[in-house]
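Enquirer: First the structure, which I've put down as structure tokens, then a few questions once you've had a look.
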Amino acid sequence: MPIRLLAIETSCDETAAAVIEDGRLLSSSLVSQLEHSKLGGIVPELASRQQLRAIVPVVEQALQQAGIAAGDLNGIGFTAGPGLIGSLMVGSSFAKAMALSLNLPLIAVHHLQAHVHALFLTEPRPGFPFLCLIVSGGHTQLVVVRDYLDMEVIGETRDDAAGEAFDKTARLLGLPYPGGPLMDQLAQSGDSEAFPFPEASVGGYDFSFSGLKTAVRYFIEQQVRQDPQFVQNHISDVCASVQRSIVRHLINKMEAAASDLQLSRLAIAGGVAANSLLRSELQRIAHRHNWQCFIPPLNLCTDNAAVIASVAYHKFLRGELAPLSVAPDARYRG
Ligand code: KG4
Ligand code: ZN
């Protein structure tokens, strides 16, 4: 008998569902909340209300695309955290209600472990062990991946996430949310050495981005006092310089960790993995050291349920099930 699981992701502002059969993806559906761009960021209260509206159609679509009925399922996986608690509660309550009514086991999934699973849904897959940088709007972590469910966090941000560093500096430049992709685009025609912003000095494999944000804010305020048109006239150079500073920090830590721990396979995941400079710099250091690098396609980097389904499948195989009393946790540790 095949193992068929439904997986649900609602950790932030995406509502997603996927069906996986014996580790092979049958469907993946998703609704994104685009209205946050008008508001300059994610409003948690609005995000959870949107999750409530989207959850039923998204799950129905995933089952329909997979060509299976709810009665054909063997289990339900859901994101237990970390994430926005209101959003997490929508997906977990839905998963629990479905598991109860169909008498199916539940599988609680760690959202960041799921981001790493983007690498197992793409060819070529990295062999174990490998070093993975998870960079999104909410998280920045460096992990050593020893197996599908065996991951050790060796570094993380002490303040803002890398995506937040892009979004917050973009906001200072008057760009709409999320600013990361726009900064990437504008940086293409800019000079990355025009304005040298300092790289944070933080110990070990940890990251810090709040100093950069403050440095950019003071820099812009000072320049605008002398030339009110400064931002309009130099936006590409500022974007290129900020992007260079963020990417250099990420790459330097990755390079140090891979060298120290003698890991020759490097990977990135999460929304910021779409950044063109991060991708090319990773390829550059990999080439220099004769390391292999792995970069999943963007639809698997940003939040989705396919990666939740992949973790759920491996946990199900190991019998790692959750009781019906399981509660989502904004700071879930697994
Ligand atoms: O993983 P994701 O879709 O959502 C979560 O935060 O979980 O990541 C979104 C983040 C945003 O901060 C966005 O600005 C950033 O990824 N991002 C980028 C690029 N594309 C998306 N940052 C820099 N360059 C990009 N090309
Ligand atoms: Zn995420």
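Enquirer: Give me the angle, in degrees from 0 to 90, between the Cα long axis of helix 276-289 and the longest principal axis of the Cα atoms of the chain, rounded to the nearest 10.
Expert: Around 90 degrees separate the two axes.
Enquirer: A further question on this structure: Once all Cα-Cα distances of the range 1-61 are split into 5 Å bins that start at 0, what whole-number percent is in each one?
Expert: For the range 1-61, the binned pair fractions read 4, 19, 25, 19, 13, 10, 6, 3, 1, 0 percent.
Enquirer: Something else about it: Give, rounded to the nearest 20 debye, the magnitude of the charge dipole that the range 128-295 has about its Cα centre when Lys and Arg contribute +1 at Cβ and Asp and Glu contribute -1 at Cβ.
Expert: Here the size comes out at about 160 debye.
Enquirer: Once the mean 1/r over all distinct Cα pairs of the chain is inverted, what Kirkwood radius in angstroms do you read off?
Expert: One decimal place: 20.6 Å for the Kirkwood radius.
Enquirer: For the chain, what's the relative contact order in percent, using C-alpha pairs closer than 8 Å and at least 6 residues apart?
Expert: Relative contact order, the chain: 25 percent.
Enquirer: Can you compute log10 of I(q)/I(0) for the range 93-178 with the Debye formula, treating each Cα as one identical point scatterer, at q = 0.16, 0.17, 0.21 Å⁻¹?
Expert: -0.81, -0.85, -0.96
Enquirer: Let me ask something additional. Mind pulling the angle between the C-alpha long axis of helix 85-102 and the longest principal axis of the chain? Nearest 10 degrees, somewhere in 0 to 90.
Expert: So the helix axis and the longest Cα principal axis differ by about 20 degrees.
Enquirer: For the range 247-254, what does the Karplus curve 6.51 cos²θ - 1.76 cosθ + 1.60, with θ = phi - 60°, yield as ³J(HN,Hα) per residue in whole Hz, taken in order and with x for Gly and Pro?
Expert: 5, 4, 4, 5, 5, 4, 5, 5
Enquirer: What angle do you read, to the nearest 10 degrees and between 0 and 90, between the alpha-carbon axis of helix 210-226 and the longest principal axis of the chain?
Expert: Taking the Cα atoms of the chain, the angle to 210-226 is about 40 degrees.
Enquirer: Still on this model: Relative to the present Cα-Cα distance, how much length would full extension add between Asp150 and Ala97 at 0.36 nm per residue of separation?
Expert: Difference between extended and current length: 16.2 nm.
Enquirer: Right, another one. Using label points projected 7 Å from each Cα along Cα→Cβ, tell me how many nm separate Leu46 and Ala327, to one decimal.
Expert: So the label points at Leu46 and Ala327 sit 2.9 nm apart.
Enquirer: Of the accessible area of the chain, with the probe set at 1.4 angstrom, what percent is carbon plus sulfur?
Expert: Working: 7410 of 14560 Å².
After summing per-atom areas, the C and S share lands at 51 percent.
Enquirer: Now a separate question. Can you bin every Cα-Cα distance in the range 128-295 into 5 Å intervals starting at zero and give me the percent of pairs per bin, rounded to whole numbers?
Expert: Here the calculated profile for the range 128-295 is 2, 9, 18, 22, 19, 13, 8, 5, 2, 1, 0, 0.
Enquirer: Using mean Cβ contacts within 10 Å as the protection proxy, how do 109-119, 57-67, 185-195 order, highest first?
Expert: 109-119, 57-67, 185-195
Enquirer: Now a separate question. Kindly report the accessible area of the range 272-313 per residue (heavy atoms of protein chains, probe 1.4 Å, no ligands, DNA or RNA), in Å².
Expert: Details: 1690 Å² over 42 residues.
Result: 40 Å² of accessible area for each residue.
Enquirer: What is the extension gain from Ala256 to Thr122, computed as 0.36 nm multiplied by their sequence separation minus the C-alpha to C-alpha distance, in nm to one decimal?
Expert: The span from Ala256 to Thr122 would gain 45.6 nm if fully extended.
Enquirer: Once you charge only the Cβ atoms, +1 for Lys and Arg and -1 for Asp and Glu, what is the size of the charge dipole of the chain about its Cα centre, to the nearest 20 debye?
Expert: 180
Enquirer: So, one more: Normalise the Debye intensity by I(0) for the range 137-224, one equal point scatterer per Cα, no solvent, then take log10 at q = 0.12, 0.13, 0.17, 0.24 Å⁻¹ and round to two decimals.
Expert: -0.45, -0.52, -0.81, -1.25
Enquirer: For the range 174-248, restrict the atom set to alpha-carbon positions and state the Rg and Dmax in Å.
Expert: Rg, Dmax (Cα atoms, Å): 12.7, 41.
Enquirer: With contacts defined as alpha carbon pairs under 8 Å and 6 or more residues apart, what's the relative contact order of the range 128-295 in percent? All intermediate terms of the calculation are to be shown ahead of the outcome.
Expert: Numbers: 305 pairs, mean separation 46.7, N = 168.
After rounding, I find 28 percent.
Enquirer: On a C-alpha basis, how far is the centre of the range 109-142 from the centre of the range 240-258 in Å? Whole number, if you could?
Expert: First find each Cα centre; the distance between them is then 18 Å.
Enquirer: Right, next: Given R₀ = 45 Å, FRET efficiency for Asn233-Ser32 by Cβ-Cβ distance, to 0.05?
Expert: 0.85
Enquirer: A follow-up question, please. Only bridges whose two residues both fall in the range 128-295 count here: according to DSSP, what percent of them are antiparallel, nearest 5? Display every interim value, and only then the final one.
Expert: Numbers: 12 of 20 bridges.
In the range 128-295, DSSP labels about 60 percent of beta bridges as antiparallel.
Enquirer: Also, quick follow-up: For the range 17-94, with equal point scatterers placed on the C-alpha atoms only and solvent neglected, what are the log10 I(q)/I(0) values from the Debye formula at q = 0.24 1/Å, to two decimals?
Expert: -1.17
Enquirer: Shifting gears a bit: Could you calculate the FRET efficiency of Arg318 with Glu60 from 1/(1 + (r/R0)^6), where r is the beta carbon distance between them and R0 is 41 Å, rounded to 0.05?
Expert: 0.90
Enquirer: Which of Leu52, Leu212, Gly138 sits closest to the plus end of the dipole of the chain, meaning its Cα is farthest towards the positive end, when Lys and Arg get +1 and Asp and Glu get -1 on the C-beta?
Expert: Leu52
Enquirer: Using the per-residue mean of other Cβ atoms lying within 10 Å as a proxy for protection, in what order, highest first, do the peptides 13-25, 138-150 fall?
Expert: Values: 13-25: 22.8, 138-150: 19.5.
For the peptides 13-25, 138-150, the packing ranking is 13-25, 138-150.
Enquirer: Taking the Cβ-Cβ separation of Gln222 and Asn299 as r and a Förster radius of 35 Å, what is the calculated FRET efficiency to the nearest 0.05?
Expert: Plugging the Cβ-Cβ distance into 1/(1 + (r/R0)^6) gives 0.30.
The values are calculated or read from the model by the stated rules, or taken from the named source; none is laboratory data. Treat the numbers as computed from the prediction; the structure is a model and nothing was measured. Ideal geometry is used to build each Cβ from the backbone, glycine not excepted, and the neighbour counts take in all protein chains shown. For the accessible areas, the whole protein counts, side chains as well, though only heavy atoms, and no ligand, DNA or RNA atoms are used. Shrake-Rupley method; radii C 1.70, N 1.55, O 1.52, S 1.80 Å.
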